1. Looking at Ile187, Ile142, which one is in contact with a Phe, Trp or Tyr (Cβ under 7 Å, 6 or more places away or on another chain) and at pLDDT 95 or above?
2. Being part of a helix (DSSP H, G or I) and without any contact (Cβ under 8 Å) to a residue 40 or more places away in the chain narrows it down to one residue among Ala62, Ala14, Ala20; which is it?
3. Kindly state which helices (runs of 4 or more DSSP H) lie completely within the stretch 141-232 and contain at least 3 residues that are aromatic (Phe, Trp, Tyr) and crowded, with 17+ Cβ neighbours inside 10 Å.
4. Of the residues that sit in the stretch 97-133 and are at pLDDT 95 or above and assigned to a loop (DSSP other than H, G, I, E, B), which one is farthest from Thr59 (Cα to Cα)?
5. Restricting attention to the stretch 125-148, which residues are out of contact with any strand residue (DSSP E or B) (no Cβ under 6 Å at 6 or more places or on another chain) and among the small types (Gly, Ala, Ser)?
6. From Thr59, Thr11, which residue is within 22 Å of Val184 (Cβ to Cβ) and either surrounded by 24 or more Cβ atoms within 10 Å (Cβ to Cβ) or modelled with pLDDT under 95 (or both)?
7. Given (1) surrounded by 22 or more Cβ atoms within 10 Å (Cβ to Cβ); (2) of a type in the set (Val, Ile, Thr); (3) assigned to a loop (DSSP other than H, G, I, E, B), identify the lone condition not met by Ile87.
8. Look through Met185, Met196 and report the one residue that is of a type in the set (A, V, I, L, M) and in contact (Cβ under 8 Å) with a residue 60 or more places away in the chain.
Amino acid sequence: MQLSTTAAVITGGASGLGEATARHFAAQGAQVTLLDRDTERGPQVAAEINGHFAETDVTDEASVQAAIAHAMEKMGKITVCINCAGIGPAAKTLGRDGAHPLDLYQKIIDINLVGTFNVARLAAVEIAKNDPEPDGARGVIINTASIAAFDGQKGQVAYASSKGGVVGMCLPMARDLARDGIRVMTIAPGIFATPMLAGLPDEVQASLAADVPNPARLGDPNEYGRLAAFIVEMGYLNGEVIRLDGALRMR
């Protein structure tokens, strides 16, 4: 697969990792449709990259079905699905105010895990309709986990659970979709300079960056986008999780 002939749907495409990926793909000639709840920034980013936008709630089946249909109408096909939508509010299992709020846990699981599966399964329906390349390839799904799936910190029980689920679905989904010529890969980012971290004080961000062994800095969202592009074009990558973290192991 080549980026220049790619037609991608990207969730969370209005900001952070999703936006950086959308911009990189578009710069390489790909068609891009952004799926996001942000109806202000989403259309703006789409216009800047000559792409498309669909207001989407990844947890809602009808919303995602409509977004996929819109992407098909605008691009004529879908060959790549990249799931970047996610949230990460912190709460301990037992905090000063009592037990972890169950509704918060359920919300994080619903968006990060169920939402990822919801979009992937519906995008797969359209990707499977593509004419196969000589090696049988029809497309690729790239999901976003986190290194928290492997070494989640205090206050990350819900977030780590959701991302652990994303890791767990990678191989079985790849096996499920093998007969359709659809690869499935997962990227597990470390600490990246995204809106999720933007609200932290500068000294806190600097402290987080100092914990990264090499290079000792926060990840650049463009690096995520470049890795996603490499996965698209490297057709033998399948059913695997790639850590993108500068060798960081959280504790």
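1. Residue meeting the stated conditions: Ile187.
2. Ala62
3. none
4. Glu133
5. Ala128, Gly136, Ala137
6. Thr11
7. The failed condition is (1).
8. Met196
The values are calculated or read from the model by the stated rules, or taken from the named source; none is laboratory data. These numbers were taken from a predicted model, which means no experiment stands behind them. Backbone-built Cβ (ideal geometry, glycine too); neighbour counts: all protein chains shown.
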